[in-house]
Amino acid sequence: MTNVLIIGSGGQIPAILIPRLQAEPSLKLTLFGSDAANLPYDNVTKVSGDASRIDDLIEVMQNQDAIYMNFDNLAITKIVIEAMHETGVKRIIQAGVLSVYGEVAEPFATWNSKMMGSSVAQHRGNEALEASDLDYTYMRMTWLYDANRTDYVASPKGEPFLGAQISRYAIAQFVVDNLTGKRNDVRASIGLWEPGSENKAKPDFY
C-alpha cells in the first residue's frame, strides 16, 4: 500500500484526480487543505490545515510515501521540503507553470508572455525542488481546460515547449501514471501539453 498525501486538495485538478486515485487499490489517500475536512469524499483521511505552517505539514506527512502538491508557491514549497526532510518523505509531484526556463517556443510564446506577464514564471517551486535531494516531478503545465481527454505529451527539461493547451483530465492521468509506476519521472521537470496543440498561436478556447 502506498500512502499518498494531496496538499491543496480542494482544487480543480484534485476534483478529477482524487476519484482516479481512489480507484487504485494500491493507494491510500490523505487530503490536506484549509477546508479538507468538508470535502465530499469517502474512504479517505481528511485533515484541515495550513500549508504555510511547518507543524501542520509535519503532522500530516507522518507515514506518507508520496505527495501531490496542487499549487506552486516558492515560499511554501521550501516549507514543504523542510517538512519532508523532517518526516523522511522523498517523493513529491508539484503542479507548476510553463516558461520557468524561457522554454516556450513561437508562435505560442508571444501570446503566452502577454497573458502571463513577465514575472509570473519567476521564483517558482522548481527552483527549490531542483536544489533539493528529493525525488521530485515538477509539472510545467500549459493552459488548462476541461475536456474528457487523457492523452498528453511529456517534454523533458531542455526541450522547447510547443503545446498551447491540455485537459485537466490529462494532468490527472500523468499524476496517476507516476504514482502507479507506469511512468517514473523522478528528479525531472516535465512540460505537459495536448498532442495536436503544438505550434498553435494560442489555446483553442481563447
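Every number in this text was worked out from the coordinates using simple rules, so none of it is lab data. Given the structure is predicted, the values throughout are model-derived calculations rather than measurements. A quick note on method: Cβ atoms are made from the backbone with ideal geometry, for glycine too, and the neighbour counts reach across all protein chains shown.
Sub-6 Å Cβ pairs linking a first residue in region 145-174 that is in contact (Cβ under 8 Å) with a residue 12 or more places away in the chain and on the phi < 0 side of the Ramachandran plot to a second residue that is assigned to a loop (DSSP other than H, G, I, E, B) and aliphatic (A, V, I, L, M), at least 6 apart or interchain, are PRO160/ALA105; PHE161/LEU98; LEU162/ALA105; SER167/ALA147, ordered by first then second residue. In region 86-109, the qualifying residues are those that are in a loop (DSSP other than H, G, I, E, B) and either among the polar types (S, T, N, Q) or out of contact with any helix residue (DSSP H, G or I) (no Cβ under 8 Å at 6 or more places or on another chain) (or both), and the one that is surrounded by the fewest Cβ atoms within 10 Å (Cβ to Cβ) is GLY102. Sub-6 Å Cβ pairs linking a first residue in region 1-28 that is of a type in the set (A, V, I, L, M) to a second residue that is assigned to a loop (DSSP other than H, G, I, E, B), at least 6 apart or interchain, are LEU5/GLN64; ILE7/ALA51; ILE13/ASN70; ILE18/TYR41, ordered by first then second residue.
In the set ALA75, ALA83, only one residue is farther than 19 Å from ILE190 by Cα, part of a helix (DSSP H, G or I) and touching a helix residue (DSSP H, G or I) at 6+ places or on another chain (Cβ under 6 Å); that residue is ALA83. Scanning region 14-37 for residues that are touching a Leu at 6+ places or on another chain (Cβ under 8 Å) and hydrophobic (A, V, I, L, M, F, W, C), we see that the one that is surrounded by the most Cβ atoms within 10 Å (Cβ to Cβ) is PHE32.
Put simply, of ALA121, ALA128 the only residue that is in a loop (DSSP other than H, G, I, E, B), without any contact (Cβ under 8 Å) to a residue 60 or more places away in the chain and either of a type in the set (Gly, Ala, Ser) or surrounded by 15 or more Cβ atoms within 10 Å (Cβ to Cβ) (or both) is ALA121. Is there any pair linking a residue in region 94-107 that is under 19 Å from ILE81 (Cα atoms) to one that is surrounded by fewer than 18 Cβ atoms within 10 Å (Cβ to Cβ), with Cβ under 8 Å and at least six apart or on different chains, and which? Pairs that qualify, where the first residue is under 19 Å from ILE81 (Cα atoms) and the partner is surrounded by fewer than 18 Cβ atoms within 10 Å (Cβ to Cβ), are ALA95/PHE71; VAL97/MET116; VAL97/VAL120. Quick check: is even one residue across region 38-60 surrounded by 19 or more Cβ atoms within 10 Å (Cβ to Cβ), within 17 Å of the chain's Cα centre (by Cα) and either free of Cβ contacts under 8 Å to residues at least 24 places away in the same chain or not in a loop (DSSP other than H, G, I, E, B) (or both)? Among the residues of region 38-60, not one is surrounded by 19 or more Cβ atoms within 10 Å (Cβ to Cβ), within 17 Å of the chain's Cα centre (by Cα) and either free of Cβ contacts under 8 Å to residues at least 24 places away in the same chain or not in a loop (DSSP other than H, G, I, E, B) (or both), which makes the answer no.
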